[in-house]
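S.K.: Okay, here's the structure, questions in a sec.
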Amino acid sequence: MPRLLLGLALGATSAFLLDPQQGRRRRALLRDKVTTTVNQGREFTDAATKDLRYRAQAIAARARSWRGGAASDEILIERVRAKLGRYCSHPGAIEVTAQDGRILLTGDVLGSEQQSVYDAVCSVRGVEHVQNNLTAHESAQGVSSLQGGVVPAGERFDLAQDSWSPGVRLLAGGAGALLVLYALSRGGLGSIGALAAGAALVSRASANRPLAGMLPQRATQTA
């Protein structure tokens, strides 16, 4: 039976793609979709890697700060970058340099976020002065460094945010996939909870919006 189903699936796929009249157009559409998916996957992987690297640097900086003493320029930069990730939708577009407690900000930022970014950097422990040389833009249109990005959520816990950062999505999706594989390998009623939790994590990470927003809305009755 599995071989029969596999043969039927391959036959249907071949007939769909090799049709004399529509086959060429269908193959072109499939090729475009595959190319788009690969490019989007590469961009997401790059963004997630950068996000996780910034988070790791922030954790390392926090651990070093526990030792006491004046913070070095490298630690200040890591602290500022960690703060930017919570108040800026495009933290990678901002360059941060530090010297003796003085922070210099350069790069691009949305005009609606410039003041909140400046205030957030000023609040970082160890920062004595902030020089704001950022270039503010009314919109991201035409600015390559301001494409994509996530909505900043301030100091809220990452998993409680409506929009997850690429790094959080990658980790949550991976954890959900592991739960699904675990549940499928164990089987039985006891694995239903793990299967449901894993599917919920994968869905949440893929859609990048709260699960409540993905549920069908009840039709409202009008009088």
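S.K.: Is region 13-34 home to any residue that is closer than 30 Å to ARG81 by Cβ and either touching a strand residue (DSSP E or B) at 6+ places or on another chain (Cβ under 9 Å) or charged (D, E, K, R) (or both)?
M.R.: Taking every residue of region 13-34 in turn, none turns out to be closer than 30 Å to ARG81 by Cβ and either touching a strand residue (DSSP E or B) at 6+ places or on another chain (Cβ under 9 Å) or charged (D, E, K, R) (or both).
S.K.: Is it the case that ALA15 is at pLDDT 85 or above, open to solvent by less than 80 Å² (accessible area, probe 1.4 Å) and either assigned to a loop (DSSP other than H, G, I, E, B) or more than 29 Å from GLY174 (Cβ to Cβ) (or both)?
M.R.: It is false that ALA15 is at pLDDT 85 or above, open to solvent by less than 80 Å² (accessible area, probe 1.4 Å) and either assigned to a loop (DSSP other than H, G, I, E, B) or more than 29 Å from GLY174 (Cβ to Cβ) (or both).
S.K.: Then there is this: Taking the options VAL180, VAL168, VAL121, name whichever one is surrounded by 11 or more Cβ atoms within 10 Å (Cβ to Cβ), touching a strand residue (DSSP E or B) at 6+ places or on another chain (Cβ under 8 Å) and part of a helix (DSSP H, G or I). So that I can check it myself, show each step before the final result.
M.R.: Numbers: VAL180 fails: touching a strand residue (DSSP E or B) at 6+ places or on another chain (Cβ under 8 Å); VAL168 fails: touching a strand residue (DSSP E or B) at 6+ places or on another chain (Cβ under 8 Å).
VAL121 is the lone residue from the list that is surrounded by 11 or more Cβ atoms within 10 Å (Cβ to Cβ), touching a strand residue (DSSP E or B) at 6+ places or on another chain (Cβ under 8 Å) and part of a helix (DSSP H, G or I).
S.K.: Could you check region 124-139 and list, in sequence order, the residues that are assigned to a strand (DSSP E or B) and either touching a helix residue (DSSP H, G or I) at 6+ places or on another chain (Cβ under 9 Å) or crowded, with 17+ Cβ neighbours inside 10 Å (or both)?
M.R.: Those that are assigned to a strand (DSSP E or B) and either touching a helix residue (DSSP H, G or I) at 6+ places or on another chain (Cβ under 9 Å) or crowded, with 17+ Cβ neighbours inside 10 Å (or both): HIS129, VAL130, ASN132, LEU134, ALA136, HIS137.
S.K.: Among (1) under 24 Å from ILE77 (Cβ atoms); (2) among the polar types (S, T, N, Q); (3) modelled with pLDDT of 85 or more, there is one condition GLN141 misses while meeting the rest; what is its number?
M.R.: Only one criterion is unmet by GLN141, namely (1).
S.K.: Here is a check on your reading of the model: is GLY142 open to solvent by 40 Å² or more (accessible area, probe 1.4 Å), outside any strand (DSSP E or B) and touching a residue at least 12 places away in the same chain (Cβ under 8 Å)?
M.R.: No: the conditions fail for GLY142.
S.K.: Out of the residues in region 78-118 meeting the condition of being modelled with pLDDT under 90 and over 22 Å from GLN161 (Cα atoms), tell me which one is least open to solvent (accessible area, probe 1.4 Å).
M.R.: Among residues in region 78-118 that are modelled with pLDDT under 90 and over 22 Å from GLN161 (Cα atoms), the one least open to solvent (accessible area, probe 1.4 Å) is GLY101.
S.K.: Taking region 21-37 on its own, how many of its residues are basic (Lys, Arg) and surrounded by 11 or more Cβ atoms within 10 Å (Cβ to Cβ)? Walk me through how you get there before you give the answer.
M.R.: First, pick out the residues of region 21-37 that are basic (Lys, Arg): 24-27, 31, 33.
Now drop any that are not surrounded by 11 or more Cβ atoms within 10 Å (Cβ to Cβ), which leaves 24, 26-27.
Selection size over region 21-37: 3.
The values are calculated or read from the model by the stated rules, or taken from the named source; none is laboratory data. None of the values given here were measured: they were computed from a predicted structure. Cβ: placed from backbone, ideal geometry, glycine included. Neighbour counts: every protein chain shown. Only protein heavy atoms, including side chains, enter the accessible area calculation; ligands, DNA and RNA are left aside. Shrake-Rupley method; radii C 1.70, N 1.55, O 1.52, S 1.80 Å.
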